[in-house]
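Below is one structure, written out as structure tokens; the observations come after it.
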4 protein chains.
Amino acid sequence: MEQHEQQSPPSVDSIKGMRIDCLDKGFVRLVDYMGDDSAIVQAARVSYGAGTKRVHEDRGLIRYLMRHAHTTPFEMVELKFHVKLPIFVARQWIRHRTANVNEYSGRYSVMSDEFYVPEAEQIRPQSRSNRQGRGEEAFPAESAERIRTSLQDFQRRSYDQYEELLEQDLARELARINLPLSMYTEWYWKIDLHNLFHFLRLRLDDHAQHEIRVYGDAMAEIVRQVTPMAYEAFEDYRLNSMFLSGAEQKALRGMLNADALDSVEDESLREHGLSKREIREFRAKFKRLFHD
Amino acid sequence: MEQHEQQSPPSVDSIKGMRIDCLDKGFVRLVDYMGDDSAIVQAARVSYGAGTKRVHEDRGLIRYLMRHAHTTPFEMVELKFHVKLPIFVARQWIRHRTANVNEYSGRYSVMSDEFYVPEAEQIRPQSRSNRQGRGEEAFPAESAERIRTSLQDFQRRSYDQYEELLEQDLARELARINLPLSMYTEWYWKIDLHNLFHFLRLRLDDHAQHEIRVYGDAMAEIVRQVTPMAYEAFEDYRLNSMFLSGAEQKALRGMLNADALDSVEDESLREHGLSKREIREFRAKFKRLFHD
Amino acid sequence: MEQHEQQSPPSVDSIKGMRIDCLDKGFVRLVDYMGDDSAIVQAARVSYGAGTKRVHEDRGLIRYLMRHAHTTPFEMVELKFHVKLPIFVARQWIRHRTANVNEYSGRYSVMSDEFYVPEAEQIRPQSRSNRQGRGEEAFPAESAERIRTSLQDFQRRSYDQYEELLEQDLARELARINLPLSMYTEWYWKIDLHNLFHFLRLRLDDHAQHEIRVYGDAMAEIVRQVTPMAYEAFEDYRLNSMFLSGAEQKALRGMLNADALDSVEDESLREHGLSKREIREFRAKFKRLFHD
Amino acid sequence: MEQHEQQSPPSVDSIKGMRIDCLDKGFVRLVDYMGDDSAIVQAARVSYGAGTKRVHEDRGLIRYLMRHAHTTPFEMVELKFHVKLPIFVARQWIRHRTANVNEYSGRYSVMSDEFYVPEAEQIRPQSRSNRQGRGEEAFPAESAERIRTSLQDFQRRSYDQYEELLEQDLARELARINLPLSMYTEWYWKIDLHNLFHFLRLRLDDHAQHEIRVYGDAMAEIVRQVTPMAYEAFEDYRLNSMFLSGAEQKALRGMLNADALDSVEDESLREHGLSKREIREFRAKFKRLFHD
């Protein structure tokens, strides 16, 4: 990531068409996009007019918008992806309703013989601490391999049945009903940047299933190229943010020395990466913590 | 349908909880709803104020709203269904994004051993005239039965594999990936009446897959009970409507006698079910046809 | 419109930035867009795969999609407009919720001294036949002029009060509350093509207020340049379509000679502009009319 | 708020129809609603199935859902309000697109002679620290009164012009264009609980304009009655939450004693209101803070 920002900005052509392989047979490809960091700034300046004059440069304005949840300027950027993904991933993905989708249809066309088989490394037992996920350690290599083989065998047999049914001239829309959720499908998926950030926040989370997180990572990498400033702000203020409930703030107060805040120098806050305006906001937050 | 209106209105209790079986193991159940025909009228009277005074009674107003695509009053009614349906049907259904969904999750819980097996009658060859559908006639009884048995065998084997993998303690989110699209899932699905009508228009269509049409029919039956006037208007002005393109209108003009319209008596139009206002609109449409 | 299709396709640059003046001081400007007719075709071919092979060329496929309400491929095109418009028009416009908006804010910035004054020609009495609109004829020139002057005087006075309140340092968010609905505002507005067509269908209608129709016309002209084939299909199958309810179809049946249809030659249907496939669909529609 | 939870749950009738006056002439009234806390729990149990067994009681489950952004069960509750509000408030409000609206129309009906006049206490100068808002102190009583009078005079004159234009039979849709943004309008507004919480989070914020915050407060009060547990969770985890960016976390780390966390007793955390599960989550958050 670092290198992208140090390099001169990549030309449009090198981003459009950018493709990242995902899992064993899938991919994410950026088909087209509209707008970049400057489109966010342009929309914000319409809304906030003279109000944005104070924030002199684009990066500062974009960070301000993200920090204060002024989300509409981010909606002015649109991205269109071509994605190849297993059906069980597609089923989680489609829950995000604020996007446009054109999926390959098994009613119109014959499905291809491609299935997802997890790498041995990902073949893991049920997590003990987490109802919905897999544990930290993989199975022993041998067991993992046995499971992989068993999954593959079954996938082959399911495709054999599919082909047999098609040969008997059963309607495609029925022949496909026993195809498994591990089968690959494809779609075009179009979304605005604000909603994509929302998708990424949920799907880059530890609790998201590994297989969809892989796609989240790939799209994050692409967004980082299309709108580097917005992505950086998203990382700092959303992805890596910490969230404290009312009760947790009280607990924190108990752990903090009331005048710790006063003794912190602006200089040291600046070193942590806070801008002048953010230093003001940071001090205000903690003042409130001690006086609420 | 007529009888609903002649009967005394069904009590709320008899509608809430109403359940209709669908396919071999599925169902649609009305969990709750907010508003009925009178809620549509109430909202319309806020919007159109004095403008609605002319339309004296509710049925006339509702029909006027539907005819002229004043859709927002229909959005004021909300319905919540509990649905049990095969995954391949769920995948078509979820394309309708203007609804709220809570689906049973195979990451959190073990999936049940229930699969859709089409009736022999529905086991049909690929349609010749229609790329996406099945033909009109079923296979011979014997072939159909053989196909049913083959589908069922495979479903049993897929569940066997699922159980084996769970027994080996493979994480649920992975053990499920080879389960077939014919497996049943469940969800709560909530939608407003306007968007439900849109769903029904698409899913009651001849081109919709039989299996989702069955659910469309069930929900249509429930809506007919919740909002009988709105449903009647939906049938007359949407479901049974005919749509002529610019070129088709020219073709129709060639088939019509220019003064056929003048010679039609209001009385006879009334007999076809047109209200006074609709007779005016009908004459205007055809006048335009001949003078454009 | 004709000329656009006969000309070579306009270069991208000539469309991006295209601006059309609207009313006395407003405009619509195309800031950016993503995709054109070929993007619609591309998305459709993903969805319908082999199913689209039969439809050989792009225009035929786009018309097929529009005719059969396969709307998702049209969602793959996105347009972003900069619009300057009176507030009362903005209030009607914003009812379309499937778009992204960044509006100039009177809390952050001072509003400009610009108001809409209708042309004399548009100064008209309340319609007799139509609760929501104005009549066909304008007022006598003199009365119209008197009304225009009276509107302008009042607008000037409202801006005077606004400036006085700002001079007294009243907060901008309060000083603006007596500004009239005729004041101009500005926004960025981004929408996909399917939803824009829906907007246009409602806002190009006779019943829409003249002032918003002017903006609808301007956007229609721009869309016609961006996606000429899709716009043509929208015109033929949506804008100029005729809609007959169940009862109206019965009435039509009474006016038609049952064998009128049989005696129509394919040749003559072709002359009306129907394609081979549409001729089949046209005959099927009328066959159903006579046999339902 | 406390008292609601100690009292027996209010009967449905006492909530439906509940009306709270807002500003000088406006109100919020709960017309109807579907679902309460138990509907959230019911939907969550469908989704998370066996996974929810561990969370024994409803309050704990609702708090868990809110804390971990499992938002879909909250979408299963729907509320419908009748609101009377000034047009400039309506224009801010309508930016929330995930709701259904039926507004009184000035094309169909004559607008009533009702305008918002701020209380003297709210007549305040432009804020110095905040581009979009008003300052902390009001104007001197006399100046405030003078401004109020001037606003009222102008409103009266604008209605006089409106009436004159109507008397001259100018179409309603034109006669209204000079009416000011301070005029009252009315609408029915329907939204699901998740989206209402999002609305409230933005509109109860310090930076929201006072006049819309008043409506936010009224709706918050109503929601607290309809879904007391969900509202409490919303307050603790959203409204009163504290948000620290990556850089701010580094700054906090500098202010904290690394073993402060270890020395905090579970008992004391429990006293701050943290549940057993939240204590675990709290410790994990701070462990991450020190080890990232």
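No lab work stands behind these numbers, since they all come straight from the coordinates. The shown structure was predicted, so the numbers you read here are calculated from the model rather than taken from an experiment. Note that each Cβ is placed from the backbone with ideal geometry, even for glycine, and that neighbours are counted across all protein chains shown.
Remark: mean inter-chain Cβ contacts per residue of C:87-99 equal 4, using a 10 Å Cβ-Cβ cutoff to other protein chain atoms. If R0 is taken as 25 Å, the Cβ-Cβ distance between residue B:253 and residue B:206 corresponds to a FRET efficiency of 0.35. Here r is the Cβ-Cβ distance between residue A:268 and residue A:113 and R0 is 45 Å; the resulting FRET efficiency, rounded to 0.05, is 0.15. Over the residues of chain B, the helix contribution to mean residue ellipticity at 222 nm works out to -14000 deg cm²/dmol, using -39500 (n - 2.57) for each DSSP H run of at least 4.
Remark: mean inter-chain Cβ contacts per residue of A:271-279 equal 4, using a 10 Å Cβ-Cβ cutoff to other protein chain atoms. Compute the signed sum of charges (Lys and Arg +1, Asp and Glu -1) over the other residues within less than 12 Å, Cβ to Cβ, of residue D:146. In short, -3.
Which angle from 0 to 90°, rounded to the nearest 10, does the C-alpha axis of helix D:141-167 make with the longest principal axis of chain D? For D:141-167 against chain D, the angle is about 60 degrees. Computed over the range B:144-217, the convex hull of the alpha-carbon atoms projects to a mean area of 7.1 nm². Annotation: the residues D:206, C:266, A:36, B:262, sorted from fewest to most other C-beta atoms within 10 Å of their own C-beta, follow the order D:206, B:262, C:266, A:36. Here the label points at residue C:163 and residue D:58, each 7 Å from Cα along the C-beta direction, are separated by 6.1 nm in the simple model. Computed on chain B, with alpha-carbon pairs under 8 angstrom and 6+ residues apart, the relative contact order is 24 percent.
Couplings 3J(HN,Hα) of the range C:239-248, computed from phi: 5, 9, 7, 10, 10, 10, 6, x, 5, 5 Hz, in residue order, whole Hz [Karplus 6.51 cos²θ - 1.76 cosθ + 1.60, θ = phi - 60°; x for Gly and Pro]. Legend: P(r) of the range D:67-204 from all alpha carbon pair distances, 10 Å bins from 0, whole percents, reading 10, 29, 29, 24, 8, 1, 0.
Peptide B:122-128 shows a mean partner chain C-beta count of 4 within 10 Å per residue C-beta. Annotation: for a label point projected 7 angstrom from Cα along Cα→Cβ of residue D:277, residues of the range B:102-130 with backbone N closer than 17 Å are B:105, B:107-109.
Here the protein assembly as shown is treated with +1 on each Lys and Arg Cβ and -1 on each Asp and Glu Cβ, and its dipole about the Cα centre works out to around 0 debye. So what's the range D:246-291 giving for Cα Rg divided by 2.2 N^0.38 Å, two decimals? Rounded to two decimals, the normalised Rg is 1.19.
Packing, taken as the mean count of other beta carbons within 10 Å per residue, orders the peptides B:81-89, A:248-256 from highest to lowest as B:81-89, A:248-256.
Computed on the range A:123-181, the Cα convex hull volume stands at 72 Å³ per residue.
Hydrodynamic analysis of the protein assembly as shown uses the Kirkwood radius over alpha carbon pairs. Inserted into Stokes-Einstein at 10 °C and 1.306 mPa s, it gives a translational diffusion coefficient of 49 µm²/s.
Using 1/(1 + (r/R0)^6) with R0 = 51 angstrom and r between the beta carbons of residue D:143 and residue B:97, what's the FRET efficiency to the nearest 0.05?
For R0 = 51 Å, the calculated efficiency reads 0.45.
For chain A, the longest principal axis of the Cα atoms and the long axis of helix A:37-48 meet at an angle of about 50 degrees. Give A:80/C:190; A:80/A:276; C:84/C:190; B:80/D:80; B:287/C:285 a once-over and call out the pairs whose C-alpha atoms are over 25 Å from each other. Pairs exceeding 25 Å: A:80/A:276. Orientation-averaged projection of chain D equals 20.5 nm² [convex hull of Cα atoms, one quarter of hull surface area]. I'd like the distance separating the alpha-carbon centroids of the range C:153-192 and the range D:113-142, in whole Å. Cα centres, the range C:153-192 to the range D:113-142: 16 Å. Here the residues A:134, A:95, ranked from fewest to most Cβ neighbours within 10 Å of their Cβ, fall in the order A:95, A:134.
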